[in-house]
Amino acid sequence: MALDELTREFLIESQEGLDRMERCLTELEERPEDAGLIGDIFRSVHTIKGTTGFLGFKRLEKLAHAGENLLGLLREGKVTADRPTTTGLLQLMDGLRSILKSIEVEGTEGDGEDTVLIECLEELQAPVHVHASAAAGLIQEQHPAMPETAHGPSPEHPSVEQVSPTAPVAAVAAAPKPGPDKGPEKASGDAEGEGAKARVQSTGTAAESTLRVDVTLLNRMMNLVGELVLTRNQVLQATANDPNLTLLSRRLDMVTADLRESVMKARMQPVSNIFSKMPRIVRDLSQSLGRKVRLQMEGQETELDKSLLEAIKDPLTHAVRNSLDHGIEPPDVRLAAGKDPEGTLRLRAVQEGSHVVIEVSDDGAGIAVERVRQKAIERGLITAEKAAYMVERELLQLVFLPGFSTAAAVTNVSGRGVGMDVVRTNVEKIGGKVEIDSRTGKGTTLRLRIPLTLAIIPALIVHSVKQSFALPQGALSELVHVPPEQAATAIEWMEGAPLYRLRGKFLPLVFLDRLLMPKGAHKGSTEKENFIAVLNADGRQFGLVVDGLADPEEIVVKPLSAVLKNIGLYSGATVLGNAELALILDPGSIALKAGVTMSSDEKTGRGADAETESEAAKSPEYLLVEVADRQAAVPLADVLRIEQVKISRIEYIGYRPVLNFEGQLLPVEDSGGVLAAAQADLEAPDASERQIIVVVCREGNRHVGIAVSHVLDVAAGGDLFEAGTKARAGGVTLLKNRVTGVVDLGGVPPLPVGESENSEWGQSTNGMVEAAR
Amino acid sequence: MSNIGVGFNRKEKAAATLVEMCSVRLGTTLFGVPIKHILEIVGGARPQPVPLAPRFVGGLVHYRGDVLTTVSLRQLLDLPPRDGPQDILVLESSGGCFGLLVDSVGEVLTVSSLDYEPNPSILDERRRALFVGAYKLKDSLMIMLDPERLDPVRLDPVLLEGTQHDRAQTETMRGPAAQAA
């Protein structure tokens with residue numbers, strides 16, 4: 001049965017009403033006395049009832065009616081909103097939902113029987129004194145007519161006095177005066193009028209300023225805006241030389257940019273849309289699991305693209321279930337552990353740059369690392385030897401492996417071993433990341449890192465087979481340039497398998513041109529400019545060799561037709577700024593297609609990587625450099641860039657070596673004598689071609705350079721303490737289990753102009769250079 | 001294009017229905033696509049090739065904010081590729097939109113259903129699958145194409161890729177078809 005416009009409108013409206021009701025109900029538990037909340041819930045149910053009568057959905061009407069009775073009593077304070085009442089109302093809501101669903105799917109209300117629920121709701125109507133069940137039965141029989149006895153209860157129903165005053169205060173005042181029983185139609189019409197009035201008062205402003213828009217229309221608008229952006233680019237280019245059109249095209253430019261932003265914004269929805277479902281889940285679960293849980297939510301106004309919001313709904317629900325089932329302990333256990341018997345579950349959403357981070361943290365038992373170790377061995381996920389070497393952080397990562405569960409028993413909530421890996425897969429599918437952090441006895445925090453929007457992603461544009469391709473930057477970890485003359489030695493072949501030694505470790509290589517043109521002739525193909533994009537896809541690391549790189553771009557992802565999607569290498573296509581089309585490469589599929597798999601060695605390597613990564617969150621990272629045969633560390637946070645310059649570019653102010661960067665003067669620290677060594681015999685023919693490496697760092701407001709022989713690696717530093725005093729050692733850190741000195745950037749003496757710390761710095765020092773020469 | 005017979009003389013016959021066809025040329029062969037399936041004609045397009053795509057995919061073009069997959073009629077018929085820009089018919093089929101790459105698009109012709117003949121039995125299998133039939137014009141034939149049959153989602157890559165042997169066979173089979181045109 002096709003739904004007519006009116007019914008569809010009713011369905012949408014009712015769903016919204018029920019959503020509102022759900023929010024209010026969970027709040028009602030906290031503040032049972034809040035009349036505003038009860039009023040809101042009443043109106044939601046009332047509107048449904050009113051409209052159903054009109055549309056002829058009898059079953060729905062009957063149920064809504066029963067609920068309305070109870071809510072009416074609540075509103076008047078005759079019944080208090082205690083736990084059983086709220087439970088009843090939640091059940092009412094579920095009942096209404098399932099009927100609405102059935103109307104939506106089948107066009108009919110279905111043949112379900114709601115008698116039990118209605119009876120239950122009626123029993124709850126008993127105020128303080130308990131209702132006789134006979135009376136309850138009577139009420140049920142009289143049901144449709146019941147609440148409409150707005151002019152007072154009929155004398156023949158003795159129980160009505162306690163039951164019927166659903167109608168507002170006026171009805172109660174009139175109660176002693178028995179009035180005629182109104183017919184249901186008439187009465188419900190009255191009631192609807194009243195309800196509608198109330199609704200208009202409460203939601204009038206919202207309804208006037210908002211409009212319901214079909215998502216497909218929004219998508220279409222987004223596409224058209226993309227098209228407009230491209231046309232604008234072409235107009236801008238065409239009119240660049242015409243002064244008459246400059247102003248016009250400038251305006252076109254601005255309007256287009258604004259329009260694009262507005263359309264993007266229209267797709268954004270606050271996370272409260274999914275957060276609002278959580279109180280109910282937490283409530284139901286904590287009741288069935290016998291936990292006491294307080295739910296805290298923060299950052300509900302944070303916005304995310306609608307499609308992404310949909311995509312994280314399940315992972316988030318899963319994470320919440322996990323926290324309740326495995327995280328927060330039963331009250332008695334918590335008391336014994338000296339904790340508040342009521343556990344706390346925190347949901348927090350916050351925007352960090354182009355990502356939204358959603359945190360689910362509990363103050364429960366945390367993950368028992370030893371049990372993770374045992375289970376992983378038991379289930380054959382890792383070998384016992386390997387497990388013995390793994391530290392806490394690596395072990396925690398194991399919970400993301402498929403088939404992992406530490407739950408002692410399988411409950412109907414979670415523990416079936418399809419848990420965290422599903423969370424991770426779902427989040428990674430939309431370009432997000434999952435991190436876990438747990439302390440035994442203190443609690444667990446799960447962090448979902450979600451990109452702001454799916455439609456626009458940052459990508460690196462690469463060239464291969466004379467075409468442009470877009471490589472999502474999320475998977476890219478670094479780029480390596482192999483010039484033609486080095487290609488033969490830098491790219492090594494192991495029986496047909498190309499490899500590159502990345503900081504001493506084998507990195508499997510995939511040549512994009514060979515992958516895309518398997519039949520093409522690739523004679524001497526490595527004897528050209530090669531760029532290796534080091535990619536991380538589903539835990540597999542490999543290098544994708546391309547012919548050239550262009551600038552990174554924010555690309556608008558366009559879907560591909562099924563025929564091209566089936567090739568499996570492309571996740572979409574995009575139109576570049578120069579109106580050229582580019583296919584978006586899917587690193588995961590490329591790895592799969594090229595046969596890059598995780599060898600057992602890599603698995604542990606990956607664990608170690610994960611460890612250093614998470615270590616990094618706690619301890620600062622350092623750039624490990626070699627200065628004249630000694631190793632030294634530079635805080636990575638201070639490193640701006642690493643420059644390779646010819647020795648001839650180093651100039652001197654007096655004895656101080658400096659580097660002139662387009663008018664910006666950089667003092668170069670050379671305590672290791674690297675410069676001196678490079679300049680040793682300047683008379684040698686190659687002297688001016690010698691290159692040195694300068695690490696450019698930030699120190700306070702100024703920039704300083706450090707001359708080094710080699711840049712070795714990036715590693716997390718460990719704290720060192722003086723034996724005996726336990727005082728933290730300054731100036732040194734533990735890098736890769738070696739005590740390493742940290743370069744003291746503050747110790748680099750300022751240039752002679754140091755006292756003038758203004759923005760003219762670069763210019764005034766320029767003068768000094770001239771003088772020095 | 002010459003004034004190809006349109007069959008107005010058959011108007012008086014009751015069973016005759018007139019169909020408007022967009023004429024399309026590929027080499028010397030004349031094809032026709034019912035105009036009710038055509039959304040737009042894009043001239044002088046250079047589709048972006050898609051490595052590893054099935055052979056019949058002519059590449060991608062940018063069309064009204066979307067990326068459109070095109071089907072190359074030349075590749076479908078196993079004709080040698082043509083250098084230079086081609087015209088694209090943007091067609092609508094039940095599976096969505098796609099582009100059909102042809103050498104050039106000509107005028108709209110009105111043909112009568114009475115001039116229609118189904119595919120002859122001697123036509124090779126591949127062409128029988130792609131063509132609907134032909135309209136007999138005064139001095140030539142117009143082969144009728146159906147967007148539903150050309151939809152990339154429905155084209156069977158296995159059948160069209162063909163083995164080397166198949167291709168040799170179609171090579172010899174093309175004779176009659178070419179003569180028919």
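The values are calculated or read from the model by the stated rules, or taken from the named source; none is laboratory data. In this text, all values refer to a predicted model and were calculated from it rather than measured experimentally. Note: ideal-geometry Cβ built from the backbone for every residue, glycine included; neighbour counts use all protein chains shown. We work out accessible area using only protein heavy atoms, side chains counted, and drop any ligands, DNA or RNA first. Shrake-Rupley method; radii C 1.70, N 1.55, O 1.52, S 1.80 Å.
Which pairs do you get when a residue that is within 7 Å of chain A (Cβ to nearest Cβ) and modelled with pLDDT under 90, found in the stretch B:44-55, comes within reach of a residue that is surrounded by fewer than 16 Cβ atoms within 10 Å (Cβ to Cβ) and not in a loop (DSSP other than H, G, I, E, B), reach meaning Cβ atoms under 6 angstrom, with the pair 6+ apart or on two chains? The qualifying pairs are B:P54/B:P157. For the stretch A:219-238, the criterion of a residue being outside any helix (DSSP H, G or I), charged (D, E, K, R) and away from chain B (no Cβ under 12 Å) is satisfied by no position.
What number goes with the only condition from (1) in contact with a helix residue (DSSP H, G or I) (Cβ under 7 Å, 6 or more places away or on another chain); (2) open to solvent by less than 60 Å² (accessible area, probe 1.4 Å) that B:G106 does not pass? Condition (1) is where B:G106 drops out.
Looking only at residues in the stretch A:539-561 that are within 14 Å of chain B (Cβ to nearest Cβ) and not hydrophobic (A, V, I, L, M, F, W, C), the one that is least open to solvent (accessible area, probe 1.4 Å) is A:K558. Filter the stretch A:243-300 down to residues that are surrounded by 15 or more Cβ atoms within 10 Å (Cβ to Cβ) and polar (S, T, N, Q) and give me whichever is modelled with the lowest pLDDT. Looking at residues that are surrounded by 15 or more Cβ atoms within 10 Å (Cβ to Cβ) and polar (S, T, N, Q), I get A:S249. Take A:A349 and tell me if it is open to solvent by less than 40 Å² (accessible area, probe 1.4 Å), among the hydrophobic types (A, V, I, L, M, F, W, C) and over 17 Å from A:E435 (Cα atoms). So A:A349 fails the test. Please go through (1) at pLDDT below 80; (2) part of a strand (DSSP E or B); (3) not hydroxyl-bearing (S, T, Y) for A:L682 and return the number of the only condition it doesn't satisfy. Of (1) at pLDDT below 80; (2) part of a strand (DSSP E or B); (3) not hydroxyl-bearing (S, T, Y), only one is false for A:L682: (2). Selection of strands (runs of 3 or more DSSP E) fully inside the stretch A:407-498 by the criterion of at least 2 residues being at pLDDT 80 or above and either of a type in the set (G, A, S) or crowded, with 17+ Cβ neighbours inside 10 Å (or both) returns A:433-439, A:443-451, A:456-464, A:467-472, A:476-482. B:D124 falls short on exactly one of the conditions (1) at pLDDT below 90; (2) within 14 Å of chain A (Cβ to nearest Cβ), and that condition is (2).
Candidates in the stretch A:460-504 are the residues that are β-branched (V, I, T) and within 14 Å of chain B (Cβ to nearest Cβ); of these, the one that is farthest from A:G595 (Cα to Cα) is A:I461.
Of all residues assigned to the stretch A:313-322, at least one qualifies as being farther than 30 Å from A:E554 by Cα, open to solvent by 60 Å² or more (accessible area, probe 1.4 Å) and not β-branched (V, I, T). The residue of the stretch B:65-95 that is farthest from A:R232 (Cα to Cα), among those that are facing chain A (nearest Cβ under 10 Å) and open to solvent by 30 Å² or more (accessible area, probe 1.4 Å), is B:G95. Residue-level check: of (1) open to solvent by 10 Å² or more (accessible area, probe 1.4 Å); (2) within 13 Å of chain B (Cβ to nearest Cβ); (3) not acidic (D, E), A:A573 misses just (1). Does the stretch A:347-360 include one or more residues that are within 17 Å of A:T440 (Cβ to Cβ), in contact with a Phe, Trp or Tyr (Cβ under 9 Å, 6 or more places away or on another chain) and modelled with pLDDT of 75 or more? No, the conditions are met nowhere in the stretch A:347-360.
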